[in-house]
1. Just order A:93-99, B:487-493 by mean Cβ neighbour count inside 10 Å, highest at the front, would you?
2. Simple spin-label model, 7 Å along Cα-to-Cβ: residue A:92 to residue A:57 in nm?
3. If we count other beta carbons within 10 Å of each Cβ, what is the order of B:422, B:627, fewest first?
4. Taking neighbour Cβ counts within 10 Å as the exposure measure, how do B:182, B:557, B:570 sort from fewest upward?
5. Less than 17 Å apart at the alpha-carbon level, and either on another chain or at least 8 residues along: which lysines does that give for residue B:310?
6. What's the angle, to the nearest 10 degrees (0 to 90), between helix B:333-360's Cα axis and the longest principal axis of chain B?
7. Among the lysines, which have Cα under 18 Å from the Cα of residue B:492 when same-chain residues fewer than 8 positions away are ignored?
8. Below 14 angstrom from the Cβ of residue B:431, what's the summed charge of the other residues (Lys, Arg +1; Asp, Glu -1)?
Amino acid sequence: MPPLPPSVPLSWYLSLSLILFVLGIAGFLFRRNIITVFMSIELMLNAVNLSFITFSYKLKQVDGHIFAFFVMVVAAAEAAVGLAIILTVFKNRQTLEIDELSSLKN
Amino acid sequence: MQLWLIPLLPLAGFAVNGLLGRRMSKTAINAVAAGSVLLSFLWVLKTLSTLGVFGGGNPLEQAYTEHYYTWIQSGMLNIGVDFAIDRLTAVMLMIVTGVGFLIHVYAIGYMAHEGGYYRFFAYLNLFMFFMLVLVLGANFLLLFVGWEGVGLCSYLLIGFYFTEKFATDAGNKAFIVNRIGDFGFSLAVFLIAMHFGSLDFATVFGKVQGMPVESSAGWMTAIALLLFIGATGKSAQIPLYVWLPDAMAGPTPVSALIHAATMVTAGVYMVTRSSAIFLHAHGALEVVAIIGLATAFFAATMGLAQTDIKKVYAYSTVSQLGYMFLGLGTGAFSAGIFHVMTHAFFKALLFLGAGSVIHAMSGEQDLRKMGGLRKYTPITFWTLLCASVAIAGVPPFSGYHSKDAILASAYDYAPWMYWVGVFTAGMTAFYVFRAFFLAFFGEPRWQAAAPDAHGHDDHGHGAPHESPPSMWIPLAVLAVLSLVGGYINIPKWLEPMFKLPEEAPGIPWTALVSVAAGLIGIALAAWFYLISPAIPEGLARSFSTPYRWIYNKYFVDEFYDSLVVEPMVDGSRSLLWRVVDVGGIDGIVNGAGKTVRNVGGILKRMQSGSIRSYAAWVVLGSIMVIVAIGIAGGLR
């Protein structure tokens, strides 16, 4: 593992991770387009990945790396399934507005 | 010796008829039902002859026991499924399977035109199974199993015509009244288990016999009295006799088999079996004698005024059972069992004959609408005559022998009991011959009743007719047994079982007096109902108050209704139903339902249907979890 530049403290990485995560949440909550919502979820996953790697580096343990790989694998699978669903939804409903997809209610 | 085959054969018959009977022909059902009982009877004969009963010597001095498996083992208590056969059981086995077989044959003819044919025979076979378990069981628990089982079959068969309200009511009455007795019986069994640590007859009675008579502690009397309460239920004694007359709602073969010959004598059998306990509780034995005597007397008076032929015989059964308990109570256990046997012969015959009469009359049971049947049903006439003289105690027929053994013992015990017994014997002769004369002599009174007014007849002809051979052959066999059954010397056979100073051979005049009483009863019946039929009506008018009491059976049913049944029904309705059930239980259940619904009504607003609001809930939830963890001070 090559050493990081010493001038960059650990908290910066964590702060970046937090900012990315909150951005993801905000996008998840406030955007109406399903694809954007979907991208926000990916953003949150990667924010988590970043904090995993950070702690893994700090604690000199490999567990964090392993978790990051897992998250990437799951994210890839999820992206495939999710995009397929979105495609089908668009085919059937001709819309990607998330608020219009409420036909299961009532 | 394979004792288990004896009860199991009827059980197999029950299984075959009960499961497959719907699709079987009547011939096949008959073969299975009567055949299984016949095989069981033959197996009894074979077992007894293997044990040397029919040879010379002194067979079965000791009980022969077979152990099959341990049923319950708990602490010191060890209850096995054991069958035992001793002299008492041998007598009961012969009665149950022998008379039972005859009645099965009779039922084939009697039930030929009834619905639910296979169901009837399945129940009858099941009854035989439980009755045989009852007499073969070698401990109190197995006895109790048979005891409850016959009660169940009695209930099923009384309510056989389940579309009739009175039949199902009678079935319920029999079942519920018997529960009261069974409660006493089960308490007695608990007490026995508590004090002796065992329920095996051999162990318990061995321990009892080891005790000096004077040591009969209070609990011995308690056990004996509780056992006797059980017997009053099953054997229809005061105060629990009320179910037996109503039980006549069942088909007549049932009345003959269950409510005359076998099941109702289970109480007598049980008390006799427990004689060791009763002999150590003289107070209880005296209660048995007095209850038996009172039952014999009052039931006989009630029989005097009945107009339904089966009801007459039903009260007669109650009365004769009273005699048996009088015998037991005065210490003549063997005489009691002797009377069980002769009674099984002549009372089964009376009921079967009554069934034959009813069959001839196309379902009519009212004596006032019979008369003059002698010409039409000669075989029934002669066989019923045999039964009537037997029950009236005319020597040398069977009833004379057993009844006089009981009365002699009663005289030794207390002369006043003897005199009441003799008076009752006179009444017995009177009411039995009253029914006999009303049915067979005099002018026919049945033209008035349209012959096909009652459901039983689908032959389509009006005049009374003799029954088919399958009905009159059992009648003939039972008639022979009623005549000569008294010469089977049961008291001598049972002598080794009841270690008693054998009662002095009856003083001759006691027998003479009771025979005279019987003859006077017959003569009075002949005078009243053959020579001058105006007398009974005149008597009924001049003694209208006693007559009304007797006619209404002393209003005992009404008394029980107002004392027990109505308070219970009212209490159930106004307190248990309207307050406890509606207010309490329903309140709790409905309250639980309402609470859940209200909470759900609030929570359902979360389910807005908008995906983004769900997402917001997820975020809010995670934030709350994080905050909670933060407040709790981290994960560690």
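Read-outs throughout are calculated quantities, based only on the coordinates presented, and are distinct from any laboratory measurement. Here the structure is a predicted model, which is why all the values come from computation and not from measurement. Because the Cβ atoms are built from the backbone with ideal geometry, glycine has one as well, and the counts that use them run over all protein chains shown.
1. Descending packing order for the listed peptides: B:487-493, A:93-99.
2. Computed distance between label sites residue A:92 and residue A:57 equals 4.5 nm.
3. B:627, B:422
4. B:570, B:557, B:182
5. B:347, B:369, B:553
6. The helix B:333-360 is inclined about 90 degrees to chain B.
7. B:403
8. +4
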